[in-house]
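The values are calculated or read from the model by the stated rules, or taken from the named source; none is laboratory data. The structure displayed is predicted, hence computed values, not measured ones. Backbone-built Cβ (ideal geometry, glycine too); neighbour counts: all protein chains shown. We work out accessible area using only protein heavy atoms, side chains counted, and drop any ligands, DNA or RNA first. Shrake-Rupley method; radii C 1.70, N 1.55, O 1.52, S 1.80 Å.
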4 protein chains.
Amino acid sequence: MIKVGIVGGTGYTGVELLRLLANHPDVEVSVITSRSEAGVKVADMFPNLRRHYDLAFTVPDTEALAACDVVYFATPHGVAMSMAPELVKRGVRIIDLGADFRIKDVELWSQWYKLEHTCPDLVEMAVYGLPEVNRERIKQAQLIACPGCYPTAAQLGFLPLLENNLVDHRRLIADCKSGVSGAGRGASVGSLLCETSESMKAYAAGGHRHLPEIRQGLSLAADRPVGLTFVPHLTPMIRGIHATLYATLKDPVDGLQALYESRYADEPFVDVMPAGIHPETRSVKGANMCRISVFRPQNDDTVVVLSVIDNLVKGAAGQAIQNMNIMFDLPEDAGLSHTGMMP
Amino acid sequence: MIKVGIVGGTGYTGVELLRLLANHPDVEVSVITSRSEAGVKVADMFPNLRRHYDLAFTVPDTEALAACDVVYFATPHGVAMSMAPELVKRGVRIIDLGADFRIKDVELWSQWYKLEHTCPDLVEMAVYGLPEVNRERIKQAQLIACPGCYPTAAQLGFLPLLENNLVDHRRLIADCKSGVSGAGRGASVGSLLCETSESMKAYAAGGHRHLPEIRQGLSLAADRPVGLTFVPHLTPMIRGIHATLYATLKDPVDGLQALYESRYADEPFVDVMPAGIHPETRSVKGANMCRISVFRPQNDDTVVVLSVIDNLVKGAAGQAIQNMNIMFDLPEDAGLSHTGMMP
Amino acid sequence: MIKVGIVGGTGYTGVELLRLLANHPDVEVSVITSRSEAGVKVADMFPNLRRHYDLAFTVPDTEALAACDVVYFATPHGVAMSMAPELVKRGVRIIDLGADFRIKDVELWSQWYKLEHTCPDLVEMAVYGLPEVNRERIKQAQLIACPGCYPTAAQLGFLPLLENNLVDHRRLIADCKSGVSGAGRGASVGSLLCETSESMKAYAAGGHRHLPEIRQGLSLAADRPVGLTFVPHLTPMIRGIHATLYATLKDPVDGLQALYESRYADEPFVDVMPAGIHPETRSVKGANMCRISVFRPQNDDTVVVLSVIDNLVKGAAGQAIQNMNIMFDLPEDAGLSHTGMMP
Amino acid sequence: MIKVGIVGGTGYTGVELLRLLANHPDVEVSVITSRSEAGVKVADMFPNLRRHYDLAFTVPDTEALAACDVVYFATPHGVAMSMAPELVKRGVRIIDLGADFRIKDVELWSQWYKLEHTCPDLVEMAVYGLPEVNRERIKQAQLIACPGCYPTAAQLGFLPLLENNLVDHRRLIADCKSGVSGAGRGASVGSLLCETSESMKAYAAGGHRHLPEIRQGLSLAADRPVGLTFVPHLTPMIRGIHATLYATLKDPVDGLQALYESRYADEPFVDVMPAGIHPETRSVKGANMCRISVFRPQNDDTVVVLSVIDNLVKGAAGQAIQNMNIMFDLPEDAGLSHTGMMP
């Protein structure tokens, strides 16, 4: 059994890791930390876990974490970079679900996250954990920077177009809609049911932290710097991201459907919908899956790609486990083979 | 008192008309028709109207409608055009909340609505009821084609850019999100709570009936045919439309905020938000108001406009009443002066 | 114009007062206080109020409040009792939407609210603001203790049975379901959309602060101390209370429907539904109305009463305005004549 | 592998069976029928099942079903009784998720379901599939009548009190709240998002079909006919039942908590919460689990029991699979060992 540690287990990403790992055949969660909840049983905080975990939260402790085979960081940015160097030194494998190691340009990271980076060398060694792009490098990685939720949906949607140089790379648009769980489990007026239910709004239209991350991934795929407008929206639902992506074709092409199907033919967790079918976020609720459709309205030169994930699964905890499975040479779908929940 | 008739009062647009007219100081609803519910009291069907209406639905009857000063059609397309000619002949003023008279190109209308048009001459005489564009013509109109919900939000958002020739008119994008009430009150699996709640999806990405209507309005504003990609989305809430609009500036300009404020300075029902503030659909819930923000992310050449309305009010019943107020020389906000409902 | 002051205007009760008063023909809101938001315009905090209020929050100030004709307290318990004595002395009329003056037994109040009461004499002079019981006394009152939301729904439902001594007063059951706005606008994990949406739970089954208030009102109606079990539930919606009330008939009686209709025949804001029809909370959304149905399942000796209100309107701000109207000899429905919002 | 047939696979119970069986290690779904959708792939109708099922709906066919080891009926009442006799004769084991075999008194059944029963002998042989009561008989059963959703929550909550003769059996109250999926996947105005969201209502307060079923189960537990008032409520959420149960203690007793814990100590799918903790329906979302709490407010003689399930899992498909596991001597939690989904 692989011994797992989780740093920061009281947020939605943490409890989702616990939910998914409870049914993983090859792992045992041996440490879960929370400064504020030390001593509390995880199943007292998250009663869905009753009868599955007897574990209690503990104060973060390097020795305990160093005894794990792999440590997940489900923490706000800044935490992982403070603890990772020591764990890396001691040979622990690390999967950071936060933002600390996602952006290779450390200065750019500092601008967006308003923080000095304390271990740029680890940024360099980190592998960006998008298996559909980096599977081979993930196998060897000691440190994984798990992609953000918006970046996962947006990149998987845009990749086939950019890798094949089919669209104007200077004017990409990602209009993304997220459920409220993306805002986390912190006590904030802005995430109250009475503030978010029965309403739709854009936020951070002037600039969101996932913008540089998406741009980095798309630029790598396009092999040149891309121009991207990214507008996130808060949607009145718990889970789910719906990315609606717009690009302009350089030449009128047929065969986009076939292109997408072929690009993801061997991917266990990307599902290209039949032509003309729109994906719904609820079809991936609770599942580690990205469903994608591609349209060319009125056969014009604008391509519209629809890409949906569960932000807590393929956009966070599920993708993290998928990375672990690859790193430890387990079946890639171990613990991740269940279907979405409809209705 | 102005005598009002309503044809097709059992849908969401119908009950919303009744709700708003119940507090209108100058009107009296004297006829409301429904073939299927004839004999049923409106307050038995919509108990929110108890103590406000004693009226019952009746079978549509030309004589009764002809005795009204104004008749609203809150019907699926095809109904208004079958009854309007006779009423017009008899001098009744008509406000059609459906699609029959919105599109000036009758052949185009037939393509999208899969129906022969039976009174093209009325299409010609009809005034498109967007007061922010056509207020003067509305005053004189006998027949109003009330704009669709998406078209209202999209046009009000794009107008200042197109009227001033600031953006590339060939590549406009309207990514629109609508509450489920936009799908109507018909019994359909696709509108069940269990099918729409906790989910987000695009629909009709290949082409939606509001596309030619929006394109017509924007082309008039731009004084040339525009290119438009329009993707509607079904959002898990009852009311509200959030239009997120993208356009490319021809030249880098400052002053978009001032431009929008000045364009709508005298409009009672368009509210430009302060710079940097994102509008929420809930701020207009139940109110006849369009709230708009304009952004230029990273000071780049893409403009993002956010435009929100309540699809049943400024997107339907409220706008219809606004038109009536203008036609009958009443204060434009009569019956429409309440605020939105938050929370 | 009646000059209105509001203490504590940043919560849901405060913004609802502002929404309703914006359309009240006889009042002008001249002061609204908030320590934390002093200087902020109310319309910047609650954008639905844009174009209706230019007012800004101010630090609570006795002079400014004393210049008002009536002051509403929309504050947590403890605040009104600290400021009311001075205002009362200066002749201001007070409507407390909080709990400070609701319970006549000051010791009992202290037990449930964990606070010493600082002005028991004001408790004595306060009139419990349930117009359906105390209309005559409200006319003369200087200080109104506005009923809680659960107590309004429960009392209006039980009154006819108890006033007529028809049921076993020792075993009353009130199973009540509330929307999340009842929990207020404070930043709390328990009120997040992700914690409350798509879930139902009881809370405070062992004892809730509204229990002694309901018991006091029912005991007055029954003219003897009643026994009551009250279980509140958190329901995944913004607004609304649904009280399901159970009592045992002493003798088999017919005519409960007629009894209820007759009891409330002259009440502008209590609406007895036709026999066999169940009220829905949405029929009173945004409206100052209580809708009630009475059932005797299987003609057995258990009576089931269903009573619905909007917790923020008839359960708080609307009822407060109704009290004001009565106090100032205005039409009782001034500012309260709109319908509920369906859908 | 156990060969499974499903009759009526297009409703919510059907798709939930498919979701759960997709991860069951010992079964293979070989037939799924739907008259209306014959030829359609289940994964085209329910895209969450893509990559899990290649199966298509077929017209119900006795031969194909007779080749199965077990056939589930996820059908409206009346269907199972028309097909079961032939399948029983041919040795197939049957699990009916509908109502045809739940009520032993065939005349009573006919009264409530407005239908003649065509195979009373099968009613007699059927075992009521509540494992917590009938586990031993389920092992031997050929025909299982799977309990309804409300009856499951209500019976599991009341059982310990009645089996031990602790409460007045003549006055039991079950105030139950259900998510909208309980109303099924049929196209009906009453289940639209716009009709059910943001609202709470009771329905069938005069009498609901689950009343005789609950009364039958409770009477067996009490060993005498019980008196029961049962009021179901429609709650604005997809899944979940919350039963709030009230009973009067004959004698003041302590130890209710211990009683409940001991009654369900060995039950894999009933979880008694720690004293003072209220269960939430979301803690069982997607999981085959009933969570129960017991309260004695103010140490008075009224007992309040809170019992929550997912209506589609422990209230339908999950319980059906639990029955199958018992019948086929599989581990009782095979395919049912996942946790609920929070958030």
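May I ask you to verify whether residue A:308 is in contact with a strand residue (DSSP E or B) (Cβ under 8 Å, 6 or more places away or on another chain), more than 9 Å from every other protein chain (Cβ to nearest Cβ) and part of a strand (DSSP E or B)?
no
Over 21 Å from residue D:25 (Cα atoms) and in contact (Cβ under 8 Å) with a residue 12 or more places away in the chain: is that true of residue D:313 in this structure?
So residue D:313 fails the test.
Exactly one of these conditions fails for residue B:261: (1) open to solvent by less than 20 Å² (accessible area, probe 1.4 Å); (2) farther than 30 Å from residue B:115 by Cβ; (3) free of Cβ contacts under 8 Å to residues at least 12 places away in the same chain. Give me its number.
(1)
Can you list the helices (runs of 4 or more DSSP H) found entirely within the stretch A:59-160 that contain at least 2 residues being of a type in the set (Gly, Ala, Ser) and over 14 Å from the mean Cα position of the chain (by Cα)?
Values: elements: A:62-66, A:79-89, A:106-113, A:120-125, A:131-140.
Qualifying helices (runs of 4 or more DSSP H): A:62-66, A:79-89.
With the requirement that a residue be under 30 Å from residue C:190 (Cβ atoms) and surrounded by 19 or more Cβ atoms within 10 Å (Cβ to Cβ), what does the stretch D:325-343 give you?
D:336, D:338, D:339, D:340, D:341, D:342, D:343
Starting from the stretch D:113-142, keep only residues that are over 19 Å from residue D:76 (Cβ atoms) and without any contact (Cβ under 8 Å) to a residue 12 or more places away in the chain, then list their pairs with residues that are open to solvent by less than 30 Å² (accessible area, probe 1.4 Å) and in a helix (DSSP H, G or I) whose Cβ atoms are within a distance under 8 Å, requiring at least 6 positions of separation or different chains.
Within 8 Å, no pair qualifies.
Do we find a residue being over 19 Å from residue A:159 (Cβ atoms) and part of a loop (DSSP other than H, G, I, E, B) anywhere in the stretch A:290-304? So that I can check it myself, show each step before the final result.
Our first condition is that a residue be over 19 Å from residue A:159 (Cβ atoms); within the stretch A:290-304, this holds for A:297-301.
From what is left, the residues that are part of a loop (DSSP other than H, G, I, E, B) are A:300-301.
There is at least one residue in the stretch A:290-304 that is over 19 Å from residue A:159 (Cβ atoms) and part of a loop (DSSP other than H, G, I, E, B).
Report whether or not residue D:71 is farther than 23 Å from residue D:212 by Cβ and either among the aliphatic types (A, V, I, L, M) or touching a residue at least 60 places away in the same chain (Cβ under 8 Å) (or both).
yes
Would you check if there is a residue in the stretch A:19-26 being within 14 Å of chain D (Cβ to nearest Cβ), open to solvent by 50 Å² or more (accessible area, probe 1.4 Å) and touching a residue at least 24 places away in the same chain (Cβ under 8 Å)?
Yes; the residues of the stretch A:19-26 include at least one that is within 14 Å of chain D (Cβ to nearest Cβ), open to solvent by 50 Å² or more (accessible area, probe 1.4 Å) and touching a residue at least 24 places away in the same chain (Cβ under 8 Å).
Find all pairs meeting these conditions: Cβ atoms under 7 angstrom apart; at least six residues apart or on different chains; first residue within the stretch C:200-211 and in the same structural domain as residue C:175 (by TED's automatic domain parsing) and closer than 22 Å to residue D:234 by Cβ; second residue open to solvent by less than 20 Å² (accessible area, probe 1.4 Å) and in a loop (DSSP other than H, G, I, E, B).
Once the first residue is in the same structural domain as residue C:175 (by TED's automatic domain parsing) and closer than 22 Å to residue D:234 by Cβ and sits in the stretch C:200-211, its partners that are open to solvent by less than 20 Å² (accessible area, probe 1.4 Å) and in a loop (DSSP other than H, G, I, E, B) give C:200/C:235; C:200/C:236; C:200/D:235; C:200/D:237; C:200/D:240; C:201/D:279.
Out of the residues in the stretch B:282-298 that are more than 9 Å from chain A (Cβ to nearest Cβ) and in contact (Cβ under 8 Å) with a residue 24 or more places away in the chain, which is surrounded by the fewest Cβ atoms within 10 Å (Cβ to Cβ)?
Here the residue is B:294.
Let's see how each residue does on (1) more than 18 Å from residue B:292 (Cβ to Cβ); (2) open to solvent by 40 Å² or more (accessible area, probe 1.4 Å):
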position: B:112; (1), (2): yes, yes
position: B:143; (1), (2): yes, no
position: B:147; (1), (2): no, no
position: B:151; (1), (2): no, no
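Of everything in the stretch C:27-64 that's acidic (Asp, Glu) and away from chain B (no Cβ under 11 Å), which residue is least open to solvent (accessible area, probe 1.4 Å)?
Among those that are acidic (Asp, Glu) and away from chain B (no Cβ under 11 Å), it is C:37.
Restricting attention to the stretch B:264-281, which residues are open to solvent by 20 Å² or more (accessible area, probe 1.4 Å) and either more than 28 Å from residue B:19 (Cβ to Cβ) or facing chain A (nearest Cβ under 9 Å) (or both)?
Selection gives B:265, B:274, B:275, B:276, B:277, B:278, B:280.
Select, from B:48, B:23, the only residue that is within 17 Å of residue C:283 (Cα to Cα), in a loop (DSSP other than H, G, I, E, B) and out of contact with any Leu (no Cβ under 7 Å at 6 or more places or on another chain). It would help to see each step written out before you state the result.
Working: B:48 fails: in a loop (DSSP other than H, G, I, E, B).
Answer to the selection: B:23.
Restricting attention to the stretch B:313-320, does a residue exist that is more than 20 Å from residue B:211 (Cα to Cα), open to solvent by less than 10 Å² (accessible area, probe 1.4 Å), more than 13 Å from chain A (Cβ to nearest Cβ) and not hydrophobic (A, V, I, L, M, F, W, C)?
yes
Please verify whether residue D:246 is open to solvent by less than 20 Å² (accessible area, probe 1.4 Å), under 30 Å from residue C:248 (Cα atoms) and either outside the structural domain of residue D:15 (by TED's automatic domain parsing) or among the charged types (D, E, K, R) (or both), treating the condition exactly as stated.
yes
In the stretch A:175-208, which residue that is more than 8 Å from chain B (Cβ to nearest Cβ) and at positive phi is surrounded by the most Cβ atoms within 10 Å (Cβ to Cβ)?
Looking at the filtered set, the residue picked out is A:204.
Taking the condition within 14 Å of another protein chain (Cβ to nearest Cβ), of a type in the set (Val, Ile, Thr), more than 24 Å from residue A:332 (Cβ to Cβ) and open to solvent by 20 Å² or more (accessible area, probe 1.4 Å), does residue A:10 pass?
yes
Going residue by residue through the stretch B:68-75, is there one that turns out to be modelled with pLDDT of 95 or more, open to solvent by less than 10 Å² (accessible area, probe 1.4 Å) and within 13 Å of chain C (Cβ to nearest Cβ)?
No.
Tell me, please, whether a residue that is outside any helix (DSSP H, G or I), more than 10 Å from every other protein chain (Cβ to nearest Cβ) and either aromatic (Phe, Trp, Tyr) or crowded, with 18+ Cβ neighbours inside 10 Å (or both) can be found in the stretch D:212-231. If you could, list the steps in order and put the result at the bottom.
Applying the first criterion (outside any helix (DSSP H, G or I)) to the stretch D:212-231 yields D:223-231.
Narrowing the set further to residues that are more than 10 Å from every other protein chain (Cβ to nearest Cβ) leaves D:223-226.
Adding the requirement that they be either aromatic (Phe, Trp, Tyr) or crowded, with 18+ Cβ neighbours inside 10 Å (or both) leaves D:226.
Scanning the stretch D:212-231, I find at least one residue that is outside any helix (DSSP H, G or I), more than 10 Å from every other protein chain (Cβ to nearest Cβ) and either aromatic (Phe, Trp, Tyr) or crowded, with 18+ Cβ neighbours inside 10 Å (or both), so the answer is yes.
Cβ-Cβ distance below 8 Å, separation of 6 or more or different chains: which pairs start in the stretch B:329-343 with a residue that is free of Cβ contacts under 8 Å to residues at least 24 places away in the same chain and end on one that is not aromatic (Phe, Trp, Tyr)?
Going by the 8 Å Cβ cut-off, the qualifying pairs are B:331/B:325; B:337/C:23.
For the stretch A:237-263, name all the residues that are aliphatic (A, V, I, L, M) and away from every other protein chain (no Cβ under 14 Å).
A:253, A:258, A:259
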